[in-house]
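Asks: Take this structure first; my questions come after.
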Amino acid sequence: MAHPAQRLEENPKDRIALDLEEARRRTNDLLAPIDDERLTTQYDQLMSPPVWDYTHIGVFEELWLVQRLSGAPPIDEGLMQTYDALETPRMVRGRVQLVDRARTVDYLARVRRRTLALLEEVDLQGGDRLLQEGFVYDLVLQHEHQHDETILQTIQLTPGPYLAELPRLPEARAAENGPVEVAGGRYPVGSDAHEPYDNEHPRHEVELRDFEIDRFPVTNGDYLRFMADCGYTRQELWSSDGWDWIMTFAPEAPEYWFRRGEGEGERSDHEWLTRRFGQVVPVDPRLPVTHVCYFEAEAYARWAGKRLPTEFEWEVAAGWDPRSGTALPLPWGGEPARPELANLDQRLFTSAPVGAYPAGTSPLGCEQMLGDVWEWTTSDFLPYPGFRAFPYAEYSEPFFGGPFKVLRGGSWATRPRVARNTFRNWDSPIKRQIFAGFRCAGPR
C-alpha cells in the first residue's frame, strides 16, 4: 500500500480535496467564537458583516467550481446577487437581508458536495486553462484564505470577547533597523506562473536607481517617537490629502490605540494601550506598528527624513538574489513558509518583535518582509505592461487607476498560500482596519 503522502502526490485531486477541507475548517474555526448578533452586524461601512464574507465564500466556490465547470444553475439565484462583491458594495451590506449562520452553513455544505462530485469528473491535464495544474481550485482556495483575513479584520472591530488569552510572542534578538543598500539596475518583477492573481502578470523588467530600504518595518516604539514629536499636528509632515484626512477625522494615534485612563497610577500620562481581539494590552514598542493608513505612513517617513518605497523597490529588496542573479519567490528561497521563517498563518494575532525571524532574511538583508504587517508603498495600483485579465475582469480591472495604493508582503493574518514576493494587495489610502504598517526607504 502506498504511503498517504505518496498517494496524495500521485493523485492531485486528493490534495485538492484536503486543501478545500482545511480551508473551510479554518474559516469555521475563526467564526465559531462570534455570536449571531456580531456575525450579522456591520460595525463599519468599510467592512462587511462577518456573515457576508462567510456566505460569499460559498457563492464564489459555487460560481467557479460548480457553475463554470458544469453549467449547472445556481442553488439560489438570490444568493448569487446579494453576495456578489460588485452587485452589493460594502456600504450597503449591513442594510440588505442577510442569511443567518444556520442557512449559511447548510448552503456551504451543499456547495461543497457538488464541488467534490465534480472534482472526480474533471480532467486536470486537459486543454482547459482553468483546470490546468488545478488553477481554478487554487483560485478558490486563495480567495477563501483572503476572506479569512478580512473576517479577522472585521472581528477586530467587534465588541466583546474573542480570544480567551493571547498567544505568546516569539523571542527576538536585539536588532538595529539600519538601511539596506540596493544597487540600481534592471530587475525582473512580477510573475508568469500559471496561478492567481492576474495583476501579478506578466513578468517584466523595471529600471531602478540606487536606493536604501529599512531592514525592518517601523516599530511601535519608532512610531511613539513620531507621536511625541507632535507628528499628528505638524501640517508640514503631511501631504495635502493627508492633512485633509487629519482635519476630517482628527486621529491622534493608530487605530485601536488609546491612553490609559486618568487616576490609574503615575504612568497614566504616558502609557498607550491597544485592543487586540477582546483583550486590552500595553502597546509593545518592539512590534511593527499596525493599523496605520497610507497617509500616516507617508507622514512618518517625511518626519524621519525618508520616504516610502515603491512596490518594485520593495519586491527587489524582498527577493533579488545577487549571487544567482535571480528573483526568489519568497525572501528565504523556494521552500514553503514555516513558523521560524515568518509570522504568517494567523498564529499570533499580532505582529511579532523585530528580529524574531533571522532565518527568513532576504538575500539583500531585509527581514520580516513576508508576514507581520502589509506594507504601504508609494505605488498607485496600475496594470503591468501587457496585462490581460484572467480568469475574470472584476478582480483587478475595476480598481486600476483609482485612489488605491499598493501594499506588499502579507500580514500575520495572511495564509502562506497567499504570501509571496510578487503578490500585490491594494487598498484605499485612508484604510486603517487592515493589518498594515510600513518600512521606509530613501536614495543611497
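Asks: Restricting attention to the stretch 225-232, does a residue exist that is closer than 26 Å to PRO288 by Cα, open to solvent by 10 Å² or more (accessible area, probe 1.4 Å) and in contact with a helix residue (DSSP H, G or I) (Cβ under 8 Å, 6 or more places away or on another chain)?
Replies: yes
Matching residues to (1) free of Cβ contacts under 8 Å to residues at least 40 places away in the same chain; (2) under 23 Å from THR150 (Cα atoms); (3) more than 19 Å from the chain's Cα centre (by Cα):
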{"site": "PRO288", "(1), (2), (3)": "no, yes, no"}
{"site": "HIS291", "(1), (2), (3)": "no, yes, no"}
{"site": "ALA299", "(1), (2), (3)": "no, no, yes"}
{"site": "PRO309", "(1), (2), (3)": "no, no, no"}
{"site": "LEU344", "(1), (2), (3)": "no, yes, no"}
{"site": "ARG347", "(1), (2), (3)": "no, yes, no"}
{"site": "THR350", "(1), (2), (3)": "no, yes, no"}
{"site": "GLY360", "(1), (2), (3)": "yes, no, no"}
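Asks: Still on this structure, I have one more. Take the residues of the stretch 68-101 that are part of a helix (DSSP H, G or I) and over 28 Å from the mean Cα position of the chain (by Cα): which is farthest from HIS147 (Cα to Cα)?
Replies: Looking at residues that are part of a helix (DSSP H, G or I) and over 28 Å from the mean Cα position of the chain (by Cα), I get SER70.
Asks: Given the options ASP19, ASP76, name the one that is at pLDDT below 95 and either surrounded by fewer than 14 Cβ atoms within 10 Å (Cβ to Cβ) or within 23 Å of TYR137 (Cα to Cα) (or both).
Replies: ASP76
Asks: Another question about this same structure. Could you list all residues from the stretch 107-120 that are in a helix (DSSP H, G or I) and either modelled with pLDDT under 95 or open to solvent by 80 Å² or more (accessible area, probe 1.4 Å) (or both)?
Replies: Scanning the stretch 107-120 gives ARG110, ARG113.
Asks: Restricting to the stretch 403-424, and then to whatever is touching a Phe, Trp or Tyr at 6+ places or on another chain (Cβ under 7 Å) and small (Gly, Ala, Ser), can you tell me which residue is farthest from ILE434 (Cα to Cα)?
Replies: Out of the qualifying residues, it is GLY409.
Asks: Let me ask you something else. Quickly run through the stretch 28-52 and pick out the residues that are part of a loop (DSSP other than H, G, I, E, B), more than 15 Å from ALA102 (Cα to Cα) and open to solvent by less than 20 Å² (accessible area, probe 1.4 Å).
Replies: Within the stretch 28-52, MET47, SER48, PRO49 qualify.
Asks: Still on this structure: Do you know which of the residues in the stretch 313-325 that are surrounded by fewer than 19 Cβ atoms within 10 Å (Cβ to Cβ) and in contact (Cβ under 8 Å) with a residue 12 or more places away in the chain is nearest to VAL189 (Cα to Cα)?
Replies: ASP321
Asks: Condition (residue is part of a loop (DSSP other than H, G, I, E, B), at pLDDT 95 or above, small (Gly, Ala, Ser) and touching a strand residue (DSSP E or B) at 6+ places or on another chain (Cβ under 8 Å)) applied to the stretch 236-258: is it met by at least one residue?
Replies: Yes, the stretch 236-258 has at least one match.
The values are calculated or read from the model by the stated rules, or taken from the named source; none is laboratory data. Predicted model only: the values in this text are computed from it and were never measured. Methodologically, a virtual Cβ is constructed for each residue, glycine included, from the backbone with ideal geometry; neighbour enumeration extends over all protein chains shown. To get the accessible areas, we keep the full protein, side chains included, count just its heavy atoms, and leave off ligands, DNA and RNA. Shrake-Rupley method; radii C 1.70, N 1.55, O 1.52, S 1.80 Å.
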